[in-house]
Amino acid sequence: MINKTIVVTGASKGIGKEIVLLLAAEGKNTIIALSRDLDLMHQNFDHLPNVHSYSFDLSGSVILQAKEIFSAHASVDVLINNAGLLIKKPFEELSAANFQQSFQVNFFGVVELIQYLTSRLEINGAHVVNISSMGAYQGSAKFPELIAYASSKSAICNFTEVYAEEKKDSNIRMNCLCLGAVQTEMLAEAFPGYMANTSAKEMAAFIADFALNKGGFFNGKILPVSNSTP
Ligand SMILES: NC(=O)c1ccc[n+]([C@@H]2O[C@H](COP(=O)([O-])OP(=O)(O)OC[C@H]3O[C@@H](n4cnc5c(N)ncnc54)[C@H](OP(=O)(O)O)[C@@H]3O)[C@@H](O)[C@H]2O)c1
């Protein structure tokens, strides 16, 4: 397929921003960049004619926003669910609202977006890549005070396996990447002072290649992508 329509959430900064820049370098792709900070996306991407930035809040009404955004885009070939919210607090201090917020952004909002887009994903046979965390990967090292984040990220891992099974006779592929430490604002918030040996650009290159070229090799897989964890 030549002209791919690629959706990237969490595109304003960190790994998502780098994914958009890499995928847009192939001028034949159309990139739909989504995040809440539209100004930042305009700064990042306005020089790239094949990137369309839209304000999008996973904790808002996902369906209403998606209807607006995708009215101009009939099919989607690659969906990278990269946006994420990390709340770091001791378990006793986490409110029900903290858990709800974490699950809304890292799970329910993502599920709603996938549900809305499923008919568009079926048109050409899309690859959906859900971005989770090593903190959510079964048997990996766990870290205190990240329970709302890690448990919401593990929900999207399980969702990936079941969605792929339910849709195995369709032409949609879905996989979930559990990332290790990547040097971004989120990592600095989670582990102040820790320096990851993977940059946002390096991880973005892996994710972009996986999303574009590896869908035919995997379906319903939860894959660790990590060369260091704090
Ligand atoms: N960095 C790491 O070490 C690491 C490790 C494991 C997994 N991950 C995962 O990798 C992904 C990218 O993380 P990152 O490190 O690049 O983080 P980041 O720099 O903090 O970026 C997070 C992105 O998510 C977006 N976002 C947050 N809340 C949102 C909401 N309510 N609605 C829509 N978008 C929202 C932010 O955009 P706006 O603020 O503009 O909305 C931003 O673009 C996340 O899913 C994260 O959990 C990262």
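The values are calculated or read from the model by the stated rules, or taken from the named source; none is laboratory data. Everything quoted here is computed from the prediction, not taken from an experiment. In this analysis, Cβ positions are derived from the backbone assuming ideal geometry, glycine residues included, and neighbour counts consider all displayed protein chains. For accessibility, only protein heavy atoms count, side chains too; no ligands or nucleic acids. Shrake-Rupley method; radii C 1.70, N 1.55, O 1.52, S 1.80 Å.
All C-alpha pair distances within the chain, sorted into 5 Å bins from zero, spread as 1, 7, 15, 20, 22, 18, 11, 5, 2, 0, 0 percent across the bins. Gap in Å between the Cα centre of the stretch 1-38 and the Cα centre of the stretch 116-148? A separation of 18 Å, based on Cα centres.
Using a Förster radius of 45 Å, what is the FRET efficiency between Ala141 and Ser55 based on their Cβ-Cβ separation? Nearest 0.05, please.
Values: r = 36 Å, r/R0 = 0.80.
Efficiency for this residue pair is about 0.80.
Once the Cα-Cα distance is subtracted from the 0.36 nm per residue extended length, the Ala97 to Ser228 segment shows a gain of 44.0 nm.
Compared with the direct C-alpha span, the chain from Leu38 to Ser151 gains 37.8 nm at full extension, assuming 0.36 nm per residue. To the nearest 10, the accessible area of Lys88 is 80 Å² with a 1.4 Å probe. The relative contact order of the chain, computed from alpha carbon pairs under 8 Å that lie at least 6 residues apart in sequence, is 20 percent.
Starting from the Cα of Ala25, step 7 Å toward the Cβ, then list every residue of the stretch 200-215 with an amide N under 15 Å from that point. Inside the label zone: 200-210, 212.
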